[in-house]
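Down below is the structure, laid out as structure tokens.
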Amino acid sequence: DFVFQMHQGYTFLFFRCGVSDDPPVFLFVDDRTSFERVANSFSSWLMLAADDEIEAAAALRKTD
């Protein structure tokens, strides 16, 4: 597994190595009993993350 994002030591985003060239992304939260698939591929997760950041930046500019 490859963990590429962590939040305060109890939440992780990761994908399994060797599954494919663009593997699904999973969420691990310390108090849950199973992983949650949050994206069907790393590239789709990355695009969604970029879109979220662009929207947040636009919202901040509107408040100025």
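The values are calculated or read from the model by the stated rules, or taken from the named source; none is laboratory data. Just so you know, these numbers come straight off a predicted model, no measurement behind them. Every residue, glycine as well, gets a Cβ built from its backbone with ideal geometry; the counts of neighbours run over all protein chains shown. Ligands, DNA and RNA are excluded from the accessible area calculation, which covers all protein heavy atoms including side chains. Shrake-Rupley method; radii C 1.70, N 1.55, O 1.52, S 1.80 Å.
With an 8 Å Cα cut-off and a minimum separation of 6 or more residues, compute the relative contact order for the chain in percent. Worked out over the chain, it gives 20 percent. Within the chain, the ratio Rg/Rh, alpha carbon atoms throughout and Rh by Kirkwood, equals 1.08.
Of all stretches in the chain that contain no chymotrypsin sites (Phe, Trp or Tyr not before Pro) in a DSSP loop with at most 16 other Cβ atoms within 10 Å, the longest one is 36-64. Accessible surface of the chain, 1.4 Å probe: 56 percent of it comes from carbon and sulfur atoms. Loop-located trypsin sites (Lys or Arg not before Pro) in the chain (DSSP state other than H, G, I, E, B) with a sparse environment of at most 11 neighbouring Cβ atoms within 10 Å: Arg32. The residues of the chain expose on average 77 square angstrom of accessible surface per residue, using a 1.4 Å probe on protein heavy atoms.
The angle separating the long axis of helix 42-63 from the principal Cα axis of greatest extent in the chain is about 20 degrees.
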